[in-house]
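Notes follow the structure.
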Amino acid sequence: MNLSKRQSEIIELVKANQPTTGDEIAEKIGVSRATIRPDLAVLTMLSILGARPNVGYFYKGASEISLVKDRIANLKVEDYMSFPFVMDEKSSVYDVIVGLFLEDVSSVFITNNGRLTGVVSRKDLIRTTIGGMDLNKTPISLVMTRMPNIVTIGPEDSVFEGARLIEERGIDGLPVVETEENGDITVVGRFTKTNVNRIFVEFCKGEII
Ligand code: ADP
């Protein structure tokens, strides 16, 4: 479950000054005691806070792990995604191979008039190459994975959801997409295993708190 902003604020207040009473917490936040009663109930139930009768609330910290999970769940794809590399459906397989090398990416998103229509990975291109096709004459649309079979993610979605989809589908990355008013799906970013790896490293270095 996600902690609310007020619940996180309560934890910080208790950590900074413990034990502390419910009245003191309410006063510091500037709300009534009744307002924070459900928050305190949740936090004690999760063993984040402990409560001693006639003493007050103290920080138990037993659920650091749930705080970490919560923090990760709140990170958004748009803040960690990379710039997308997009090519037109009419490009030849050869041009896409060259583009993939020049851009140093592992997959290319394919569009038609700006609309996402496909994804091509390194292995798709290797398969086509060893298949003996004329790479200059074969349009990429013939070898790409097509809509609607493309797994996508939205900029506002959590990085955890992105990582989960990548893991579950066994793919390297996802196009980050937005749906226009006319129903067109456009690509605004790229969320890949590299982004997930970066988040992991930043998290462990304490750069994401
Ligand atoms: P590689 O094939 O180089 O290991 P991937 O694991 O990303 O790279 O791709 C595996 C297959 O899944 C390829 O056929 C590719 O076209 C397809 N694919 C890649 N990304 C997606 C996606 N987001 N949604 C659906 N299919 C994808």
Hand me the list of strands (runs of 3 or more DSSP E) wholly inside the range 103-195 holding 1 or more residues that are charged (D, E, K, R).
115-121, 173-179, 185-192
Which one of these is surrounded by 13 or more Cβ atoms within 10 Å (Cβ to Cβ) and either small (Gly, Ala, Ser) or closer than 30 Å to residue 201 by Cα (or both): 91, 47?
91
Collect the residues in the range 65-102 that are in a loop (DSSP other than H, G, I, E, B), at pLDDT 95 or above and closer than 30 Å to residue 10 by Cα, keeping them in residue-number order.
80
Here is a check on your reading of the model: is residue 190 touching a residue at least 24 places away in the same chain (Cβ under 8 Å) and either touching a Leu at 6+ places or on another chain (Cβ under 9 Å) or more than 21 Å from residue 82 (Cβ to Cβ) (or both)?
yes
Of the listed residues (169, 127, 146, 122), the one being out of contact with any Asp or Glu (no Cβ under 7 Å at 6 or more places or on another chain) and under 30 Å from residue 70 (Cα atoms) is 169
Confirm whether residue 203 is open to solvent by 60 Å² or more (accessible area, probe 1.4 Å), more than 13 Å from the ligand (Cβ to nearest atom) and either out of contact with any Phe, Trp or Tyr (no Cβ under 9 Å at 6 or more places or on another chain) or of a type in the set (A, V, I, L, M, F, W, C) (or both).
no
Looking only at the range 110-125, and only at residues there that are within 8 Å of the ligand (Cβ to nearest atom) and surrounded by fewer than 19 Cβ atoms within 10 Å (Cβ to Cβ), the one that is farthest from the chain's Cα centre (by Cα):
123
Looking only at the range 50-60, decide whether some residue is within 26 Å of residue 204 (Cα to Cα) and of a type in the set (A, V, I, L, M).
no
Please state which of the following conditions residue 62 fails to meet, knowing it meets all the rest: (1) assigned to a loop (DSSP other than H, G, I, E, B); (2) touching a helix residue (DSSP H, G or I) at 6+ places or on another chain (Cβ under 9 Å); (3) surrounded by fewer than 16 Cβ atoms within 10 Å (Cβ to Cβ); (4) at pLDDT below 95.
(2)
Across the range 18-44, the tally of residues that are surrounded by 14 or more Cβ atoms within 10 Å (Cβ to Cβ), in a loop (DSSP other than H, G, I, E, B) and free of Cβ contacts under 8 Å to residues at least 12 places away in the same chain stands at 0
Selection from the range 186-198 of residues over 14 Å from residue 167 (Cβ atoms) and of a type in the set (A, V, I, L, M, F, W, C) yields 187, 188
Over 21 Å from the mean Cα position of the chain (by Cα), closer than 30 Å to residue 13 by Cβ and aromatic (Phe, Trp, Tyr): is that true of residue 58 in this structure?
yes
Would you confirm whether or not the range 164-178 contains a residue that is away from the ligand (no atom under 13 Å from the Cβ), within 19 Å of residue 87 (Cα to Cα), open to solvent by 80 Å² or more (accessible area, probe 1.4 Å) and of a type outside the set (A, V, I, L, M)?
yes
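The values are calculated or read from the model by the stated rules, or taken from the named source; none is laboratory data. Note that the structure is a prediction, hence the values are computed from the model and not measured. Glycine gets a Cβ as well: all are built from the backbone with ideal geometry, and neighbour counts include every protein chain shown. For accessibility, only protein heavy atoms count, side chains too; no ligands or nucleic acids. Shrake-Rupley method; radii C 1.70, N 1.55, O 1.52, S 1.80 Å.
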